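A.B. asks: I'd like to ask you about the structure that follows.
The values are calculated or read from the model by the stated rules, or taken from the named source; none is laboratory data. Not measured: the values here are computed from a predicted model. Methodologically, a virtual Cβ is constructed for each residue, glycine included, from the backbone with ideal geometry; neighbour enumeration extends over all protein chains shown. Just the protein is used for accessible areas: all its heavy atoms, side chains included, with ligands, DNA and RNA removed. Shrake-Rupley method; radii C 1.70, N 1.55, O 1.52, S 1.80 Å.
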Amino acid sequence: MSASADASTAPFDLPQFGPESIITFAHGLVGQPEWKRFFLLTSDDAAGLGVLQSVDDDQLALMVTNPRQVLPDYSVELSTADRSLLGLEANQQPMLLTTLSVHGTQITANLVGPLVINPRTRVAKQLVLPDSAYTARHPVASVATEN
Amino acid sequence: MLVLTRKAEQTLHLGDDIRITVLGVDGDRVKLGIEAPRAISVLRHEVYLQVQAANTAAAIAAPDRQTIAAAMRGRQQPTDTRGVRA
């Protein structure tokens, strides 16, 4: 039985690392092994929105948010192996991000592939949740709103 | 790609720590048993492709990020009991 941790964080906050702090995905993101190093940029007034700006490619930036913004009950179980890879101590909670993308008029969140970050070391990994009830295109908002 | 043929109840060893066993074959479905350390993730390819696609789609140019930010601010918050703002 592996240790599991519910990744809790203040409901809609994004991690505040400061723009000088580089988040590193040792193996990149799923299907994008070169996407390794990012700054997390947040703005004060945003509805819990952030941008992962690639350190190595000016043109590459991912929109992200706290998955609890999308689904307040969202939780991720981390295996012992993942906790070890991330360098998380026994009671230490990781920070979670989910990427946002647009499909037609829908903004969707990838809840099956969360980005999990060690808040102290900024070591990160993208998990893929197996047999999950979550989807890679969880609807969040409509881009075109009718008045 | 290494191509091997196995019958039901036959096993493959991958490295020292991984075994894959064909548990059964039923029509076009093959049941596989996988023994691997917890550190090895086992993913259906379809899910892998979905996450890869979501990553690619999340790489968004700045003007479109503004559009998304506006839509996200305008949406009803999960604990917001007011009506959606027009």
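A.B. asks: What is the sum of charges around A:Ala109, taking Lys and Arg as +1, Asp and Glu as -1, for the other residues whose C-beta is under 13 Å from the C-beta of A:Ala109?
C.D. replies: My count for the surroundings of A:Ala109 gives +3.
A.B. asks: How many square angstrom of accessible surface are buried between A and B, both sides summed, with a 1.4 Å probe and rounding to 100?
C.D. replies: 2800
A.B. asks: At a 1.4 Å probe, which residues in the stretch A:25-41 are at least 20 Å² less accessible with all protein chains present than in their chain isolated?
C.D. replies: Residues losing area: A:Val30, A:Gly31, A:Gln32, A:Trp35.
A.B. asks: Cβ under 13 Å from A:Val140's Cβ, A:Val140 left aside: what net charge do those residues give with Lys, Arg +1 and Asp, Glu -1?
C.D. replies: Local net charge: +4.
A.B. asks: With no solvent and one point per C-alpha, what does the Debye sum give as log10 I(q)/I(0) for the stretch B:1-46 at q = 0.16, 0.20, 0.25, 0.29 Å⁻¹?
C.D. replies: So the normalised log intensities are -0.49, -0.76, -1.09, -1.21.
A.B. asks: Next question, about the same structure. Work the Kirkwood hydrodynamic radius out for the stretch A:54-147: mean of 1/r over every pair of different alpha-carbon atoms, inverted, in Å.
C.D. replies: 14.5
A.B. asks: Ignoring ligands, DNA and RNA, please state the percent of accessible area on the stretch A:26-68 from carbon and sulfur, probe 1.4 Å.
C.D. replies: Looking at the stretch A:26-68 in its full context, I get 45 percent from C and S.
A.B. asks: Still on this structure, I have one more. Counting only heavy atoms of protein chains, what accessible area per residue, in Å², does chain B have with a probe of 1.4 Å?
C.D. replies: With all protein chains present, chain B gives 77 Å² per residue.
A.B. asks: Relative to the compact globular guide of 2.2 N^0.38 Å, what is the alpha carbon radius of gyration of chain B, as a ratio?
C.D. replies: After normalising by residue count via 2.2 N^0.38 Å, the value is 1.91.
A.B. asks: Also, I was wondering about something else. Please list, in order along the stretch A:103-109, the HN-Hα scalar couplings obtained from phi with the Karplus expression 6.51 cos²θ - 1.76 cosθ + 1.60 (θ = phi - 60°), rounded to whole Hz, x for Gly and Pro.
C.D. replies: 10, x, 9, 9, 8, 10, 10
A.B. asks: Report, to one decimal in Å, the Kirkwood hydrodynamic radius for the stretch A:50-91 based on all distinct Cα pairs.
C.D. replies: Evaluated over the stretch A:50-91, this radius sits at 13.0 Å.
A.B. asks: Residues of the stretch A:54-147: accessible area per residue at 1.4 Å, in Å²?
C.D. replies: 44
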